[in-house]
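The values are calculated or read from the model by the stated rules, or taken from the named source; none is laboratory data. Predicted, not measured: the structure shown is a model, and the values here were computed from it. Don't worry about glycine lacking a Cβ; one is built from the backbone with ideal geometry, like all the others, and counts go over all protein chains shown. To get the accessible areas, we keep the full protein, side chains included, count just its heavy atoms, and leave off ligands, DNA and RNA. Shrake-Rupley method; radii C 1.70, N 1.55, O 1.52, S 1.80 Å.
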Amino acid sequence: MSGALGLPNRGQKAPPFPPEYRASGLLLHVTSLPSTYGIGDLGPEAFAWIDRLHDAGQGCWQALPLGPTGYGNSPYQPLSSFAGNALIISPQLLLAEGLLCPGDCHVQFAAGAIDYASVIPFKERLLAMAWSRFHQGGRGDLRSEYEEFCFGQATWLEDYALFRALKARYGGAYYIEWPAELVQRDQCALANARRELRDEIDQVRFEQFLLSRQGEKLKEYAHSKGVTLIGDLPFFVSPDSSDVWANPEFFLVDERRRPKFVAGVPPDYFSAQGQLWGNPVYNWEALHDTGYRWCIDRFRALLSHVDLIRLDHFRAFAAAWHIPSGAPTAQTGSWRPGPGAEFFRKVEAELGGLPFIAEDLGLITPDVGTLRDQFQIPGTRVLQFAFDGHEDNPHLPQNFVDNSVVYTGTHDNPTSREWFEELTGTQRETVRCKYLSDGIEPGPALIGLAWSSRAALAIAPLQDLLNLGREARMNVPGRAGGNWRWRCTPETLTNKPFAWLRDVTRNCRRLVNPETAAACESAA
């Protein structure tokens, strides 16, 4: 469905942004929502967040990837491309449905940053209780819906549930360290494991059912408020994932399931040795022979919960940097072709459209822009990258094209306040005098600049609306720990910045909800 934004339905062959489309929204990961349970979830606070976006005239909510996280809790290293993160299941909704009792949830968490070491065992205990009640006959009215879900999602769910059960059995070890017959997916060994771990497997399936159910309700509510949901899909998958374990033929791995090549990016201005990510790279020939079915199913899985998808590392669809496994740095890699235009023609035919935003940042060669523009996929601009003194910088607002998405900053950037404070005195003066309004703090100032640009869609992290500093940064690339922990608190979500945002959105002609537009006009 299109919601109130005027975006095309997924059944229409059209770019995501029609002519004259102008909208805006905020970037906030689900885990960063306020919650009494230590981590943001899909419960009442998520519904309240949608209300707040609607009242502020915002048409979009963008989140980070929603897959189950492993080591480091990074949403960009999920254990599955199809499953959801059970940590964002709402205990309050489970209480309301009778799958938990009030006494189950009496744990106090700090209101600030996520303490994963405490949150993970707490959530695991709650979900085990919910499963036990359901398994013993509680909420029998959900049984047929649960079984229908398991049947409909079996192509990925059976492998994922077994993968998680085995991972728990072997203490969280990387799957290539399991017994060889399980690594190689010997059918007798898998059958034995399914029998021995039947209850653990069923609980994982039940958790995914709960997630799907809660996610569907949230999406319906967002649409009722005219809010479009934007998801995020990592280009690569984690080496320790059910994706690679269940489908090794789609990746360049050896007979022991170890990657022959790993992903990264070459040396550039920011890193003399490049970046070595370690993800396995795709066997595009094998994927082509299946009509890219696994990739298309991956898109469908996410589109069941969101309306648009940000394609992370879009440049790899044109060509990706392949680094020999075991190389100490990314310097010894080489460019290898991606699936290119043929891939997007196939996806468009299957989905009826291309509901994508291209994250086309980094080392962008002409073939990347050609591929993006051939399919009218909107590209990405980031204001924090704009002010290097070069007038042809594509991130400067005067160089935007209409079919683009502008961000003040991303999840990998410092907050705009931190970014501005770290500029030299001369740089700060130049940026403020030339681009930013006097008397406005850096975060809101960049929002005003983004909202007034010609880009079809303008997005800002919530941290920039609230003008938060270093303490609110979500991720520092390359830092081993301490990432993905930031949460907003109820005290920070005051009405004043959202009222200001509504006024800016009205003045920049980005209001897309008729009800909100009428209210703003009458108040003006």
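List of remarks:
- Using a probe of 1.4 angstrom and keeping all protein chains present, the accessible surface of the chain works out to 42 square angstrom per residue.
- The stretch 410-437-the stretch 171-226 distance, computed between alpha-carbon centres (Å): 44
- Note on the stretch 388-475: with neighbouring protein chains present and a 1.4 Å probe, carbon and sulfur make up 47 percent of its accessible heavy-atom surface.
- Calculated FRET value between THR332 and ASP141, using beta carbons and R₀ = 60 Å, to 0.05: 0.55
- Among [x] 31.5; [y] 48.6; [z] 24.3, the entry derived from the coordinates for mean projected area of the Cα convex hull in nm²: [z]
- Packing-based ranking, highest mean first, of 243-255, 37-49, 451-463 given that Cβ atoms within 10 Å are counted: 451-463, 37-49, 243-255
- Computed label-point distance, nm, for sites ALA349 and THR494 using a 7 Å Cα→Cβ extension: 5.7
- The alpha-carbon of LYS167 sits under 27 angstrom from the alpha-carbons of these lysines, leaving out residues fewer than 8 places away in its chain: LYS123, LYS260.
- ASP115 accessible area, assembled protein chains, probe 1.4 Å, Å²: 70
- Placed amide H near ARG310: partners under 5 Å, 5+ positions off or other chain: GLY231, ASP232, LEU233, ILE357
- GLU181 accessible area, assembled protein chains, probe 1.4 Å, Å²: 90
- Net dipole in debye of the stretch 404-524 [+1 Lys, Arg Cβ; -1 Asp, Glu Cβ; about Cα centre; nearest 20]: 200
- Close amide H pairs (under 5 Å, H built 1.01 Å from N) link THR69 with LEU79, residues at least 5 positions away or on another chain.
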